[in-house]
1. Touching a residue at least 60 places away in the same chain (Cβ under 8 Å), near the ligand (Cβ under 10 Å from one of its atoms), under 29 Å from the mean Cα position of the chain (by Cα) and not in a loop (DSSP other than H, G, I, E, B): is that true of Phe254 in this structure?
2. With respect to Glu430, determine if the residue is modelled with pLDDT of 95 or more, under 18 Å from Val510 (Cα atoms) and among the acidic types (Asp, Glu).
3. Can you name every residue in the stretch 236-250 that is within 12 Å of the ligand (Cβ to nearest atom) and open to solvent by 20 Å² or more (accessible area, probe 1.4 Å)?
4. Before we move on, is His233 within 12 Å of the ligand (Cβ to nearest atom), open to solvent by less than 30 Å² (accessible area, probe 1.4 Å) and at pLDDT 95 or above?
5. When you go through Phe509, Phe482, Phe466 one by one, which is the residue that is among the aromatic types (Phe, Trp, Tyr) and open to solvent by 30 Å² or more (accessible area, probe 1.4 Å)?
6. Filter the stretch 266-297 down to residues that are closer than 19 Å to Val181 by Cβ and either aromatic (Phe, Trp, Tyr) or modelled with pLDDT under 95 (or both), then give me how many there are.
7. When you scan the stretch 184-206, how many residues do you find that are surrounded by fewer than 15 Cβ atoms within 10 Å (Cβ to Cβ) and either under 28 Å from the mean Cα position of the chain (by Cα) or assigned to a loop (DSSP other than H, G, I, E, B) (or both)?
8. Against the conditions (1) over 42 Å from the mean Cα position of the chain (by Cα); (2) outside any helix (DSSP H, G or I), where does Arg131 fall short? Just the number, please.
Amino acid sequence: MNTRKIRVRFAPSPTGLLHVGNARTALYNWLFARRNGGDFILRIEDTDVERSEARYETQLMEDLQWLGLDWDEGPGEPGEKGSKTKDKGPNGPYRQSERQQIYTKLTKKLLKDGLAYRCFCTVEELEADRRTAVARHQPQVYSGRCRKLPLKAIVKNLDAGKPFTVRLKVGEQPLRFHDMVRGDVEFASETVSDPILVRSGYENLPGMPVYNFVVAVDDALMGITHVIRGDDHISNTPKQVAIYQAFGWKVPQFAHLSTILGADRERLSKRHGATSISSFREMGYLPEALINYLALLGWGAEDGRTETFTMPELLKAFTLERVTPSPAIFDFDKLNWLNRHFMKTASSSRLARLAWEYFGFMLPEKDQASDDVLVWFANLVQLFSQSVDHLDQLPAKALFMFGFNATEARAKEENAEILAADSSRLVLGELANRARAHYEPVTPEIFKEWMNAIKEATGIKGKELFHPVRIALTGTHSGPEFDKLIPLMEQGSTLRLGVPSVRSRIERFVGV
Ligand code: GLU
């Protein structure tokens, strides 16, 4: 029995914001590790010096933390203002840019053992080979010209300071690997040819190692048992397997996850809407909703039905066997549905804390708010979150609570039509009469009495009764029920937030 401890890694390149596709890869790795008592390693693949940026590294760590995906080994958590902190774990460094010496040492070993060779072919020579292959309808692979270069020629080239790449010698046999999601995958050896491991080096020093080389080296040295990543890396895998074989290292298991597409079946991109974790976060999606949604992008529960999962439930249910190879379509409606579900289950104080920042100058600084304001706002969020998909939509829905412009509300087309009816004028006149005679806070019971009395006095009922009243109090003819709104208005009016009371709303709209 294989008793090797399960070790997986998430290996993002810090060249942009963490995309939902990569976040799903991180999640599947994390779930697989946590479920099997394994380790989850974060490795930063920052060998592309020009495109890698420290701010993206910091951001992606913050995004992982926000999602609740903690790592056992990796760069330390971002420090003050994104400064680098000490690595976590014994297999570091965990940034590829800090591992150059390891790659150099191993390149030298391969060269010494005759498993790799220096290739002095120039760009022009390779281009000419490519053109000939195209003309002869042959595969465009490296000719192998430098494979058997005699030592004398190598020394001469080195003495002449000719730049070279380092290529791996790949045998004739086809390269196979088993993929846990896709089954057996086989590549003819000529499609791999002799891959470059290190790009143009000078004199005796190898230059920049390429992705396939460093990824295989790091996975092997970090003891990775399962490589779970996007299927855009399938065609890289045989090259990586060949590198493992050259060193005599144990080849890990592979699981390649399907591509995420937009509704039009094109690769998901900004064109389809938000795609980065930080933008979903800014829009006020809850991390548990995003986690649940990402889990369902390419994986499904065993019963084929359950769609809502908390993290502990996911940990119980998730297996790689149920990951599908077919592309997943990103469905914003479903994500919204899940977010609404989790907003309902979230505690009202947490939701209020998260929603606070979206209200800008409508609210005081949170740490200066009184307990009464906090409770009032939590009730407001509880009520209005039922009608939004994500928290940044709340202020637009709840704006009228802080007052609205009566003239503008009257002028709105759908309101003007309702208000023009004789019945509306009658109803609002009666409402003003009642408000005029009342100085106490209005309770839902009192309000109900008013409405009943108006109904009796005028014979007007239903929409014709309620719509004009709702417009007078809220500026629109639809919204949350009065039983909930009235107390919010009355309590809000005592808190110095500029929230008008029921009476002053009527006063402003109808005149009392
Ligand atoms: N740095 C690679 C990427 O972001 C990850 C490659 C891998 O997982 O092997 O696509």
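1. yes
2. yes
3. Passing the criteria: Asn236, Lys239.
4. no
5. Phe466
6. Number satisfying all stated conditions: 2.
7. Count: 3.
8. Condition (2) is where Arg131 drops out.
The values are calculated or read from the model by the stated rules, or taken from the named source; none is laboratory data. These figures come from a predicted structure and were not determined experimentally. Neighbour counts are summed over all protein chains in view; Cβ atoms, including those assigned to glycine, are modelled from backbone coordinates with ideal geometry. These accessible areas exclude ligands, DNA and RNA; they are computed on the full protein's heavy atoms, side chains included. Shrake-Rupley method; radii C 1.70, N 1.55, O 1.52, S 1.80 Å.
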